[in-house]
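The values are calculated or read from the model by the stated rules, or taken from the named source; none is laboratory data. Please read all numbers here as calculations on a predicted model, not as lab measurements. Cβ sites come from the backbone with ideal geometry, for glycine too, and all protein chains shown count toward neighbours. When the accessible area is computed, the model is the full protein with side chains, heavy atoms only, and any ligands, DNA or RNA have been set aside. Shrake-Rupley method; radii C 1.70, N 1.55, O 1.52, S 1.80 Å.
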Amino acid sequence: AVNSAKARLNQALASAKVQPELTAKAIEIAQANLESAKSSLKLQQDNFRLLTESTHPQNIVNAQTAYDRAVAQLKNQEKNLYRQRQLLEKGFVEAQIVDNAETEVRVAESQVREAKQRLDRIRPTNALEVTNAQSQIASARSQVHQMEAQLAQAKADVLPVTRQQEVDNARAAL
């Protein structure tokens, strides 16, 4: 019985020595995980700001500019076609010139439609990207809360009193 009590005492003493090291490592890891989660949250917030304050507004400006340019080009091609038809009626140009001008008008009309479609898609696409970015921020925020809880748990796991109690109980058994 004495040998068994000594063995329990030695075991309790060994645990009491190891426990603070394990707990300190757990706290250190939990703190590192928390810092990583906070960095991830900040990155997601920065990306959101960049998206809403720079990227999306610039995309809208670019699409609007492309549309305006396509409309102006169409108007120019329509004027050119009108002039070429006038010249054809007077016999100053061949029909091929008018055919080419008509083709240029059709190409310009197609470019206007394409630019308009791009412009119309920008806002819904931006809205989806904003929703996605907000979701990523919420997820990162949740990760920060989880890491805070893990750190609190690691700190709560510091139980030197419990380990000391095991040592005291093992000594009393002697």
Inset, instruction - Any chance you could count how many residues in segment 108-131 are under 30 Å from GLU35 (Cβ atoms) and surrounded by 12 or more Cβ atoms within 10 Å (Cβ to Cβ)? - result: 2
Inset, instruction - Scan segment 54-67 and report the pairs whose first residue is under 14 Å from ALA127 (Cα atoms) and in contact (Cβ under 8 Å) with a residue 60 or more places away in the chain and whose second residue is in a helix (DSSP H, G or I) and of a type in the set (A, V, I, L, M, F, W, C), with Cβ atoms within less than 7 Å and a gap of 6+ or a chain change. - result: ASN59/ILE122; ILE60/ILE122
Legend entry - Odd one out for GLN150 among (1) at pLDDT below 95; (2) loosely packed, with under 13 Cβ neighbours inside 10 Å: (2)
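Condition check ((1) at pLDDT 80 or above; (2) open to solvent by 60 Å² or more (accessible area, probe 1.4 Å); (3) within 30 Å of LEU151 (Cα to Cα)) across all residues:
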| position | (1), (2), (3) |
| --- | --- |
| LEU9 | no, no, no |
| VAL18 | no, yes, yes |
| ILE29 | yes, yes, yes |
| LYS38 | yes, yes, yes |
| VAL71 | yes, no, no |
Legend entry - Residue list for segment 101-126, filter: under 21 Å from GLN77 (Cα atoms) and either among the acidic types (Asp, Glu) or modelled with pLDDT under 95 (or both): GLU102, GLU104, GLU109, GLU114
Inset, instruction - Identify, by number, the condition in (1) farther than 30 Å from ARG49 by Cβ; (2) open to solvent by 80 Å² or more (accessible area, probe 1.4 Å); (3) of a type in the set (Val, Ile, Thr) that THR103 doesn't meet. - result: (2)
